[in-house]
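Read the structure below first, then the notes.
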Amino acid sequence: MPSKNRPRPGPISISSPIPRSPDGLLATPTSQHRSYPSPAGSGSRSPRTPTRGGKKAKPRVYDEYDLSPTHAYLEQFNSYPSSPDPSHMPIQSPSPMDSPGLNNATEKDPVFGQNQFSSNHYLAPTLHPHGERNRSYPATGKKNRNDCIPTNPTKRKLLFFGVPVILVIIAGIAIGVVVGTQHKPSSDSSSSSGGSSKGSTSNTNGGTGGNSQTTWNQYIKPSSGGDGDTVTTDLGVQFKYVNKFGGHWAQNPYDPYSVSGRAQSWSPSLLEEWVWGTHIARGVNLGGWLVTEPFIVPALYEQYQTSTPQAVDEYTLSQAMGQDLATKMEEHYKTFITEEDFAAISAAGLNFVRIPLGYWAVETIEGEPYLPKVSWTYFLKAIGWARKYGIRIFADFHALPGSQNGWNHSGKSGSVNWMYGVMGIANAQRSLETIRTITEFISQDGIKEVVPMLGLVNEVMAKTVGTDVMQKFYYQAYKTIRDVTGYGTGNGPIIFLHEGFLGVAAWEGFLNGADRVGLDQHPYLAFGDINTAPHSEQAKTACGLGGGTNDSMTNFGLIMGGEWSNAINDCGLWLNGVGSTPSFSLAGNNCDEYDEWMNWTDDFKKGVLSYTMANMDALQNFFFWTWKIGNSTVKGYQTSPQWHYRLGWEQGWMPKDPRSAGGYCKTLGIGGNQFAGTYPASATGSFANGTPTIAATQLASHTLWPPPTLGPSFAVDQVSLLPTLTQTGSIIVLPTPSHPSNATNIGDGWANAQDTVGAWTRVEGCDYPDEYDAVNATVPAAVCTGASARKRDGMLSIPTPL
């Protein structure tokens, strides 16, 4: 976390992004006619027929959990309210929230012609027109309080939790009668439950079991529809699909990759090509879902604050849950993000989601408390929902073995043990294996269209790990991925490197000429020095990010604003970790004015909206952190509203149409270098001779592996003695989505049949320090060879979770 003692006189200038917590409607289609793809029947075939060779085993499938009456009701309740009609808060013209000339512009995205790209550039601190500094926020007494929501915490709890509990009891009885009379049809379209298996495992747990599926999910049928139509989810829950942007949904379980929804009229469906430089990624993160965070899902953590251990991250939460881990964690997965969220995301004008994954989605080893592999079940659901609603996925490797930053969202808070310390190399090798496994899955036909982007390491601390060490890992990960996928557009995901909080400009020239490598930046203002200027003034600071982003896109390639929020301070329950007190409050400021969104005035919301628009315009391809924040059982309401996209969309401080942000920074008087829409050819997978050529100087600098030196202070002779893994283990093949037995073109979870090298695994007979606590462990006196000569090779299938 940046030092709070560093002086920052005058207007704010950002030289590098700051890490996340350390521990108007525009014109819509005028025609009322809608045309949607008609899903083919079970006998149709997809034009995408896998062409790779090699013997295919039957794909592994998952069982669908049964829908209880209570779950049926909760699924409806947790997804309420349904997506708001964008006409609820139209962007009127003229308005200070409008971008200039939108009504007359020619769409290129189709966006807004010259407004498509950011209108701003880095300005020197003295040129930022911030206006008055250190202005205090208006006193609470001057706000127009919302009398509909009690200010007393006890009354809030009764409103937010008491009433729903009563409704659950009443509705559960009624729904129980209905659901109790429904029977799953007995048919011959059952799913196979086999899987690829060659050899046995030495480094994975057995998952949660493997009941064979005998009937197909009765709710998933060939269907499609548009605005105003009724959708039936995979749980049998029905909701009204609302999309005023010309979007539609479509699915066909018998030939799933032959159909696709469309998020909006201007966003290509998954059956159409996405063209970088023409189309813009406007997305949100699904934070706190498959990698939990206390500030995002406080209620999940609040129930384990007096347990042993106290739940402060997913590691200790899993320990605290004990025998209830499988039940409690899956209930969270099942209810926090649902299919209806994906429909709402498209209705909000967004076309991408970024989904954080922990390594335990793929495997765990003995002694690690996480629930293994079950989160992968829900990532598969996300892939299905994304295809149904026309949304693309940026998969992000968020929590790595050993922790890449020591923060709670890396799985375990504490010290950095990834590429650092005695277990640094072993943890990195294990990470490479996870990246390989995920790459094999998402590079399959039908999946690669949904998941075209992969982030290698979330928020790695370059100043701890070391820039050179981090770059050497990035090259190894690049090689691992491209050995699986081959080269060129459409062959596997675009690879995104987090810039390590060095700033995107610091990466110019890195792996120059490599195939489809981009940068991921996370420009947060929340964790810097205390600043009491309102959102409307901070918007000018956000606009200052645009020029640097434009320059890097021109010189380096694709730049994603992978995370950002509306927070201009660290207010928010547990934002800095469980039990933390915001530094903003410690400095004598009032966080209630930022936390109690139900009391925000229209002027305050307008200021937050201004800050939002500035970030969207500056970052261009963006992913807000995060889509939703859960309720707090202690506070009695949804906390951390500056981080809650859906709440802001419903309440009026997020734009109803994110395209309206195009050109917003021009209205603030901030302009500069603009991105012309043309990336370096290699950045989008185009090469003169069909093969990328990385600059020789880059290869000379970054190909040495393992790195000859490692932090905190290991020299060459010590690094050679550090624990490592051996590439002789059983390969992990990830399960495919559940499907009817007669479904076509599903794939087997492994894109490259020629990729048969053994998996990185621990050397049998060797002792390894705790992977999370080895910074100060003793360096071995000699290399441990164990029983490595008796290692085996082969394929491992993961047992099917319940």
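The values are calculated or read from the model by the stated rules, or taken from the named source; none is laboratory data. On a predicted model such as this, the values are computed, not experimentally measured, just so you know. Every residue, glycine as well, gets a Cβ built from its backbone with ideal geometry; the counts of neighbours run over all protein chains shown. For accessibility, only protein heavy atoms count, side chains too; no ligands or nucleic acids. Shrake-Rupley method; radii C 1.70, N 1.55, O 1.52, S 1.80 Å.
Rolling a 1.4 Å probe over the heavy atoms of the protein chains gives region 235-684 an accessible area of 21 Å² per residue.
The fraction of accessible area contributed by carbon and sulfur in region 235-684 is 46 percent, rounded to a whole number (1.4 Å probe; ligands and nucleic acids excluded).
Note that region 391-406 has calculated 3J(HN,Hα) couplings of 10, 9, 10, 9, 7, 10, 6, 9, 10, 9, x, x, 6, 8, 8, x Hz, one per residue in order, obtained from phi through the Karplus relation 6.51 cos²θ - 1.76 cosθ + 1.60 (θ = phi - 60°); glycine and proline are x. Exceedance of the 23 Å cut-off in Cα-Cα distance is limited, within the set Lys328/Lys628; Lys240/Lys381; Lys388/Lys628; Lys635/Lys656; Lys240/Lys628, to Lys635/Lys656. Amide hydrogen proximity for Met560: with H placed 1.01 Å from N in the peptide plane, the residues at 5 or more positions away or on another chain lying under 5 Å are Leu519, Asp520, Gln521. Think of each Lys and Arg Cβ as +1 and each Asp and Glu Cβ as -1; about the Cα centre, that makes the dipole of region 235-684 roughly 780 debye. Backbone amide hydrogens, once placed in the peptide plane, bring Ile731 within less than 5 Å of Ala759, Gly794, Met795, Leu796, excluding anything fewer than 5 places away on its chain. Count Lys and Arg as plus one, Asp and Glu as minus one, and take only other residues whose Cβ is under 15 Å from that of Val422; the net charge is then -3. Residues of region 695-724 with an amide N closer than 16 Å to a point placed 7 Å from the Cα of Tyr487 along the Cα-to-Cβ direction: 695-700. Under 5 Å between amide hydrogens, built in the peptide plane, is the criterion, and for Tyr524 it picks out Ile18 among residues at least 5 positions away or on other chains. Extension gain for Asp602 to Glu366 (0.36 nm times residue separation, less C-alpha to C-alpha distance): 79.6 nm. Karplus-derived 3J(HN,Hα) values for region 351-360, using 6.51 cos²θ - 1.76 cosθ + 1.60 with θ = phi - 60°, are 10, 9, 10, 10, 10, x, 10, x, 4, 6 Hz; glycine and proline are entered as x.
The gain in end-to-end length when the Glu764 to Trp705 segment is fully stretched comes to 19.0 nm, 0.36 nm per residue minus the alpha carbon separation.
Counting only DSSP beta bridges whose two residues both lie in region 235-684, roughly 5 percent are antiparallel.
Note on Ala696 and Thr633: the model spin-label points, each 7 Å out from Cα along the C-beta direction, lie 6.5 nm apart. Between Asn689 and Gln323, the distance separating the two model label sites (each 7 Å from Cα on the Cα→Cβ line) works out to 6.6 nm.
I want to check the label-to-label distance for Ser265 and Asp592. Put each point 7 Å from Cα in the C-beta direction and report it in nm to one decimal. Placing both labels 7 Å along Cα→Cβ, they lie 4.7 nm apart.
Of the chymotrypsin sites (Phe, Trp or Tyr not before Pro) found in region 369-439, not one falls in a DSSP loop while having at most 11 other beta-carbon atoms within 10 Å.
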